[in-house]
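The values are calculated or read from the model by the stated rules, or taken from the named source; none is laboratory data. Because the structure is predicted, anything quoted here is derived from the model rather than measured. Ideal geometry is used to build each Cβ from the backbone, glycine not excepted, and the neighbour counts take in all protein chains shown.
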Amino acid sequence: MVQLNSLLLAYLIISFLRSGTQFFLNRLNISHLRRCGDTVPEVFRDTIDREKLGKISAYTIDSARFGVFSAFAAQIFFLVLLLSGFLPWLAYQIARLGTGTIVNGLLFFASLGILTRLFDLPFELYETFGIEKRYGFNTQTFRLWFVDLLKSLLLSALLSGLLLGLFLSLILYGGKAWFFWAWILVGAFELLMIWLYPVLLAPLFNKFEPVADQALVQRIRTLMEKAGLRAKGVFQMDASKRSKHTNAYFTGLGKSKRIVLFDTLLQSHGADEIEAVLAHEVGHWKKKHILKQLAFMEALSLIGFFILAKLLEWPLMYQTFGFSEPILYVGLLLIGALFSPLGYFAQPLGSAFSRKFEREADDYALTLIPSKEPLIQAFKRLAADNLANLSPHPLYAWFYYSHPPLGERVQRLRRAAERVQPAPEEISFL
């Protein structure tokens, strides 16, 4: 039976603070949009008219409200699982099977994963076929959505089950330093997934073909050579069969590294703008942002595994949530639950670092392209195509935004272009 003690009270207080902060920031952002979002900012007046602005505001408000509602629903659902006595009952039923700790752990997390996925499905369906469809983004059929769901469930079960099984084995047989070997295991698994994603995982969901426009391909290769980079290839992804959102990205490691352009991006942007967007992505590679983020996350992960090892046998934690004795796979869930609300309040730190990296990538892009205008126009068009909020509240943007607000970004590019000098050509291959 769940015990009302200082640990539970602290957890509930922090959880309610998280929910209250989410609600407050969301209301603040919507109120700010209603006050300031009826006038097109000067920097966007050549791209966005009042009709488009009205659509942007409506999409932002609908998405924000639904996002907060679905987040609250998920939090309440998890609290019910946590405080109702369901988890001890589930652990007891699984233990009766007598299948051993590792299999029990797999069954425990699989059961919770299925329940959570079933709970999330109505929200996902409404977001995809309600909001996204209403604003002209969703293009996928229900059949395609369902096939994607089955693929993702099977893939998740296979990969998560494999990793969890190895993780539990290390806890049982890895000795006192198991947390270090678990850290190595998870880090290696993440690197393997980054390497396999573009060549094995992504093609399960999308079709990737070499970009047919050879003039564009040559421009991209010239850009990459100027920066001293090489990629396996330049590919076009059939994103339009699911959504009209536009994007481009680099992915992979080593020989699996490649450039991917959404077909929607190719349809709506000219060659100069596409080149400018990729110059920004090159900036992330040249400034080693991916390596810095990876190093930071791995250091944080090691600390997290050390704390996990110290708390996994903590009797009070199990007693608080209705368990008579420690069960290591249950402990993994409970520790994650206790630290999740705290992690939310660390989000502004991660957002700040991400925005810093985005500004550095923008600055580097200006050294690769002859003019700032294609990059500025690309950002304006991306804002229009994706119905991005042009007037976020500063506090909301500070807390959540991984990229600088678009208006601020365009103005900064104009100022930065005046002081950035072209970069010398380099020859180094990553």
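Given the conditions (1) over 30 Å from F86 (Cβ atoms); (2) in contact with a helix residue (DSSP H, G or I) (Cβ under 6 Å, 6 or more places away or on another chain); (3) modelled with pLDDT of 90 or more, report the number of the one that T320 does not fulfil.
T320 satisfies all of (1) over 30 Å from F86 (Cβ atoms); (2) in contact with a helix residue (DSSP H, G or I) (Cβ under 6 Å, 6 or more places away or on another chain); (3) modelled with pLDDT of 90 or more except (1).
Can you list residue pairs whose Cβ atoms sit under 6 Å apart, with the first residue in the stretch 120-142 being closer than 15 Å to K244 by Cβ and the second being of a type in the set (V, I, T) and crowded, with 16+ Cβ neighbours inside 10 Å? Count only pairs 6 or more apart in sequence or on different chains.
Every condition considered, the pairs that remain are N138/T128.
Which of the residues belonging to the stretch 335-385 are of a type in the set (A, V, I, L, M, F, W, C), over 30 Å from I14 (Cα atoms) and not in a helix (DSSP H, G or I)?
Passing the criteria: only I369.
Does at least one position in the stretch 58-76 carry a residue that is closer than 30 Å to K372 by Cα, in contact (Cβ under 8 Å) with a residue 24 or more places away in the chain and within 28 Å of the chain's Cα centre (by Cα)?
Checked the stretch 58-76: at least one residue is closer than 30 Å to K372 by Cα, in contact (Cβ under 8 Å) with a residue 24 or more places away in the chain and within 28 Å of the chain's Cα centre (by Cα).
Each row is one residue, and each column tells you yes or no for (1) outside any helix (DSSP H, G or I); (2) among the small types (G, A, S); (3) loosely packed, with under 14 Cβ neighbours inside 10 Å.
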{"site": "I131", "(1), (2), (3)": "no, no, no"}
{"site": "Q140", "(1), (2), (3)": "yes, no, no"}
{"site": "V147", "(1), (2), (3)": "no, no, yes"}
{"site": "K151", "(1), (2), (3)": "no, no, yes"}
{"site": "L164", "(1), (2), (3)": "no, no, no"}
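For the list (1) at pLDDT below 90; (2) closer than 26 Å to E132 by Cα, I need the number of the one condition that W398 fails.
Among (1) at pLDDT below 90; (2) closer than 26 Å to E132 by Cα, W398 violates only (1).
Say we look at the stretch 255-281 and pick out the residues that are outside any helix (DSSP H, G or I) and out of contact with any Asp or Glu (no Cβ under 9 Å at 6 or more places or on another chain); which of these is farthest from H245 (Cα to Cα)?
Across the stretch 255-281, the extreme among qualifying residues is K257.
Would you tally the residues in the stretch 29-56 being part of a helix (DSSP H, G or I) and either of a type outside the set (A, V, I, L, M) or more than 28 Å from the chain's Cα centre (by Cα) (or both)? Let's see the steps before the verdict.
Here is the first cut: in the stretch 29-56, the residues part of a helix (DSSP H, G or I) are 29-36, 42-44, 50-56.
Still in the list and also either of a type outside the set (A, V, I, L, M) or more than 28 Å from the chain's Cα centre (by Cα) (or both): 29, 31-32, 34-36, 42-44, 50-52, 54-55.
Total satisfying the criteria: 14.
What number of residues within the stretch 28-51 are touching a helix residue (DSSP H, G or I) at 6+ places or on another chain (Cβ under 9 Å) and basic (K, R)?
1
Out of everything in the stretch 238-256 that is modelled with pLDDT of 80 or more and among the hydroxyl-bearing types (S, T, Y), what residue ends up being nearest to L266 (Cα to Cα)?
T246
Yes or no, residue by residue, for (1) surrounded by fewer than 17 Cβ atoms within 10 Å (Cβ to Cβ); (2) closer than 29 Å to Y126 by Cβ:
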residue	(1), (2)
S6	yes, no
G20	yes, yes
L25	no, yes
C36	yes, yes
A58	yes, yes
G67	yes, yes
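Scan the stretch 325-346 and report the pairs whose first residue is farther than 22 Å from L170 by Cα and whose second residue is surrounded by 15 or more Cβ atoms within 10 Å (Cβ to Cβ) and among the small types (G, A, S), with Cβ atoms within less than 6 Å and a gap of 6+ or a chain change.
P341/S15
Give W195, W183 a once-over and let me know the one that is crowded, with 18+ Cβ neighbours inside 10 Å, closer than 23 Å to A299 by Cα and not small (G, A, S). Show your work before the answer.
Numbers: W195 fails: crowded, with 18+ Cβ neighbours inside 10 Å.
Unique residue meeting the criteria: W183.
Rundown of residues vs (1) under 20 Å from N386 (Cα atoms); (2) crowded, with 17+ Cβ neighbours inside 10 Å, yes/no style:
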| position | (1), (2) |
| --- | --- |
| Q236 | yes, yes |
| A248 | yes, yes |
| I259 | no, yes |
| L266 | yes, yes |
| G270 | yes, no |
| K287 | no, no |
| I307 | no, no |
